[in-house]
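Below is one structure; the comments refer to it alone.
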Amino acid sequence: MRAALAQALFISPGLLLLDEPTNHLDLPATLWLASYLSSPACAKTATLLVTHSADFVASCATDLLHLDHFQKKITTHKGDVWNFLNGADDRFKAQSKAFDAQQKKLAELKSKGGLSAEKAAAKLLKDSRADALLEKPNVYAVKFSFPSSEDDRPCIAVLDASYTIPGRSEPMYRDLRFSVHAKSRVALVGPNGCGKSTLLGLLAGRLKPDSGEVSPDRSLTLGRYDQHFDELLPVETTKHATKHLEDAFGISTQEARKLLGQSGLEGNAHLTPVKNLSGGQKSRVLFAQLAATRANVLVLDEPTNHLDLESVEALIEGLNAFKGGVFVSTHDARLVEGLDECEVWVCGEGETGVRVLPRPNGFARYRDAVEREVEEKVERASAEAKKRKSGLKDRAKGRGGGK
């Protein structure tokens, strides 16, 4: 991913096309990319990017093109992405008002003018000089609901746990001591490879500590989301999403399809074998699975990777409404900032391998520090490049003088 991105940027194109460039980038790389796209280096490059990261759009985009799935058209917007998102309700109301006015006019042409439906439509189009009648507006509604277990007591106790990745000499985590319970709200951040997924693996029981204990309560129900899907979904069978939920949770077909629909999975995919679904569709199945779990604690690894802008906001609302504990690893600043009463832990730092950021504004300060560090690295790399270029010129002159 990074190599392909570097190759595209290296050639300094006149037109740069980027499809979800931040999906597998950590925070430092995302901040650098946004800065680079807005820098003089890209002054002569027109960039068209597809992204579901509102934060990234706000950092580098000048114009928005919103693909309306229901209206089958592109809506343009110049300015702040947050204003555009916040204006969704007003746009829907305006579209509904225009559609209702059109329907009222058609009814009048048919009742008072004695016209057939076809002739009434033709007259309305001619009078309004429109190419087609307005379609009834629909709301793209995604609702992530995570019903919790009625028992809020079960927890996970982490007692002096240490873990070393196989093949490495230094432990990634040393003497971790904390508990995860119904009131826990923790976001794990840090660069790729710093150990976020590893810590979630320890909490979920997929990994065992080298020393110490990670002890879940015997009555604990854990809800897991993994960005790689294969471990949690029936991708080795021909089972479809509806059947998977029915079998796993003993629910009816109607309830299974309701959960899938609420999670944003289109109806025609409900009966498609899970193994044939796209990454984004599989993520919706996993969220429906979490809704059926009734967990005490949710452990989520990069849950926004395959979500669109509206779904990220719906996920934040769903997690804030959840009555159990939440441990989530993410590179999405919007998710970190949107979670209520959330502690932010930086993995790969501190004596234990985890540094807890102070509240409030700890994440904002951390982000600013990362941005400054990225800028300093860019400046050092640029200075080194100029130095090497100057040295090559001097050597070339020396060889020319020798002749």
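Read the figures in this text as sums done on the coordinates, not as results from a lab. Treat the numbers as computed from the prediction; the structure is a model and nothing was measured. Note: ideal-geometry Cβ built from the backbone for every residue, glycine included; neighbour counts use all protein chains shown.
Here is how the numbers come out for the structure above:
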read-out	value
Residue-averaged [θ]222 nm for the chain, counting only DSSP H segments that reach four residues, each worth -39500 (n - 2.57)	-13500 deg cm²/dmol
In sequence order, calculated HN-Hα J values of the range 243-256 (Karplus, 6.51, -1.76, 1.60; Hz; x Gly/Pro)	5, 4, 5, 4, 6, 6, 10, x, 9, 6, 4, 4, 5, 4
Positive minus negative residues near Leu159 (Lys, Arg vs Asp, Glu; Cβ under 14 Å)	-2
Taking the chain and dividing mean pair separation by its residue count, relative contact order in percent (alpha carbons under 8 Å, at least six apart)	19
Entries of Lys258/Lys282; Lys44/Lys78; Lys275/Lys323; Lys143/Lys208; Lys73/Lys97 with Cα pairs more than 24 Å apart	Lys275/Lys323; Lys143/Lys208
Alpha-carbon centroid distance for the pair the range 227-259 / the range 132-164, whole angstrom	17
For Trp82, Trp32, Trp345, order by how many other beta-carbon atoms lie within 10 Å, fewest first	Trp82, Trp32, Trp345
Calculated log₁₀ intensity ratio I(q)/I(0) where the Debye formula runs over C-alpha points of the chain, q = 0.07, 0.10 Å⁻¹	-0.45, -0.83
C-alpha center-to-center spacing [the range 350-403, the range 95-123] in angstrom	65
Rg followed by Dmax, in Å, when the range 2-69 is reduced to its Cα trace	11.6, 35
Percent of Cα-Cα distances greater than 16 Å, calculated over the range 311-401	69
Kirkwood hydrodynamic radius over Cα pairs of the range 141-265, then Stokes diffusion coefficient at 10 °C and 1.306 mPa s, in µm²/s	93
Relative contact order computed over the range 1-139 (Cα-Cα under 8 Å; 6+ residues apart), in percent	17
Relative counts (whole %) of C-alpha pair distances in the range 156-365, using bins that are 5 Å wide	1, 7, 15, 18, 19, 16, 12, 7, 4, 1, 0
Under 13 Å, Cβ to Cβ, from Val297 - net charge with Lys/Arg +1 and Asp/Glu -1	+3
Relative exposure of Val356, Val274, judged by other C-beta atoms within 10 Å (fewest first)	Val356, Val274
Value of relative contact order over the range 156-365, rounded to a whole percent, pairs C-alpha under 8 Å and six or more apart	29
